[in-house]
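Step one of this worksheet: look at the structure below.
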Amino acid sequence: EDQVTQSPEALRLQEGESSSLNCSYTVSGLRGLFWYRQDPGKGPEFLFTLYSAGEEKEKERLKATLTKKESFLHITAPKPEDSATYLCAVQVIQGAQKLVFGQGTRLTINP
Amino acid sequence: DAGVIQSPRHEVTEMGQEVTLRCKPISGHDYLFWYRQTMMRGLELLIYFNNNVPIDDSGMPEDRFSAKMPNASFSTLKIQPSEPRDSAVYFCASSLAGTLVYTFGSGTRLTVV
């Protein structure tokens, strides 16, 4: 069975304290890995897509990386507005449009 | 574009009642998805459509759930009869073929008492 596991479940950081979120996957065949951000009371919002091991994507203070078994979302010098739940999702079947989501990491940045 | 529009934002209903959730996708998007989010199970795909045709409904929990997409700009998810365990946030999302970049609506928070 295809599985996506995110860790930690929750992370609390001080403003400016860099860290990383992990997404590990056990799937029959990875087609793409996606990161979304979800704010309270809202739907998830797309951040990045990664397709092959070694690929990296950056956006402001966030950088996503991909290996053959996991992905990391690195957050550098975070600000309080980076507080959100970060969701990882995988596309597992070629040609299928559906994503399988992990449980998410709830990130809190204290000022 | 106003994004994906869901209604209602909140729904409280009694067990056994019929519930209908509505979604208007982004104009031009040819895929529409219904997801359910709970603390215990996270985001689960219920069903998705391509060009108004249901493609995969393997995530629909049981016969009490049904979904329709009568045209490119409207979809419904119906639960009949509703049960307390159906309480969750239901999200609709749409995308363009080949991108897998979903645009989600703000969700409908359903509470069945």
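Quick rundown of the values:
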item: Any hit, the range A:66-79, residues being open to solvent by 50 Å² or more (accessible area, probe 1.4 Å), out of contact with any helix residue (DSSP H, G or I) (no Cβ under 8 Å at 6 or more places or on another chain) and closer than 22 Å to B:F49 by Cα; result: no
item: Within the range B:34-113, strands (runs of 3 or more DSSP E) holding 1 or more residues that are within 27 Å of B:V12 (Cβ to Cβ) and within 11 Å of another protein chain (Cβ to nearest Cβ); result: B:42-50, B:88-95, B:108-112
item: A:P40 being out of contact with any Pro (no Cβ under 9 Å at 6 or more places or on another chain), outside any strand (DSSP E or B), more than 16 Å from B:F33 (Cβ to Cβ) and open to solvent by less than 10 Å² (accessible area, probe 1.4 Å); result: no
item: Inter-residue pairs, beta-carbon under 9 Å, first closer than 15 Å to A:S28 by Cα and in the range A:93-111, second basic (K, R) and at pLDDT below 95, 6+ apart; result: A:I93/A:R31; A:Q94/A:R31; A:G95/A:R31; A:A96/A:R31
item: Considering residues of the range A:84-111 that are farther than 21 Å from B:Y102 by Cα and not aliphatic (A, V, I, L, M) only, the residue most open to solvent (accessible area, probe 1.4 Å); result: A:P111
item: Residue match in the range B:29-41 (condition: surrounded by 13 or more Cβ atoms within 10 Å (Cβ to Cβ) and among the acidic types (D, E)); result: yes
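The values are calculated or read from the model by the stated rules, or taken from the named source; none is laboratory data. Keep in mind that what you see is a predicted model, and the values were worked out from it rather than measured. Here Cβ is always computed from backbone atoms with ideal geometry, including for glycine, and neighbour counts include all displayed protein chains. Just so you know, the surface numbers come from the protein's heavy atoms only, side chains and all, with ligands and any DNA or RNA stripped out. Shrake-Rupley method; radii C 1.70, N 1.55, O 1.52, S 1.80 Å.
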